[in-house]
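Working notes for the structure below.
The values are calculated or read from the model by the stated rules, or taken from the named source; none is laboratory data. Everything numeric here is computed off the predicted structure, so don't read it as measured data. For neighbour counting, all protein chains shown are included, and Cβ atoms are generated from backbone atoms with ideal geometry for every residue, glycine included. Only protein heavy atoms, including side chains, enter the accessible area calculation; ligands, DNA and RNA are left aside. Shrake-Rupley method; radii C 1.70, N 1.55, O 1.52, S 1.80 Å.
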Amino acid sequence: MKIEAIPAEATRFKETELGPLPEEWRVVRLGDLWKQGILWIKNGFSQGDFNEQGSGVPHLRPFNVNEWGEISLPQIKYLRVLLDLGP
């Protein structure tokens with residue numbers, strides 16, 4: 001997954017509790033996404049088969065949480081995940 005910057009002149013911003021964000025974005029809590037089944041949260045597991053090219057699902061590790069409890073993504077790793085979506 002490649003994330004590209006959107007030119008400021010192409011986006012309108014609104015002020016949020018996190019600071020200015022694009023108008024079409026909304027601030028949500030990860031716990032709310034989990035309760036709705038949108039976000040999958042599991043306890044840690046050992047995984048050596050990862051990549052840093054953005055192929056697969058982002059694997060957040062304790063290393064990705066800074067001392068203030070904020071998610072830090074400069075060294076994010078990705079896992080290839082096979083999902084069983086049923087019949």
Projected label distance in nm at residue 61 and residue 14, using a 7 Å step from Cα toward the beta-carbon: 3.7 nm
Largest to smallest accessible area among 77, 14 [probe 1.4 Å]: 14, 77
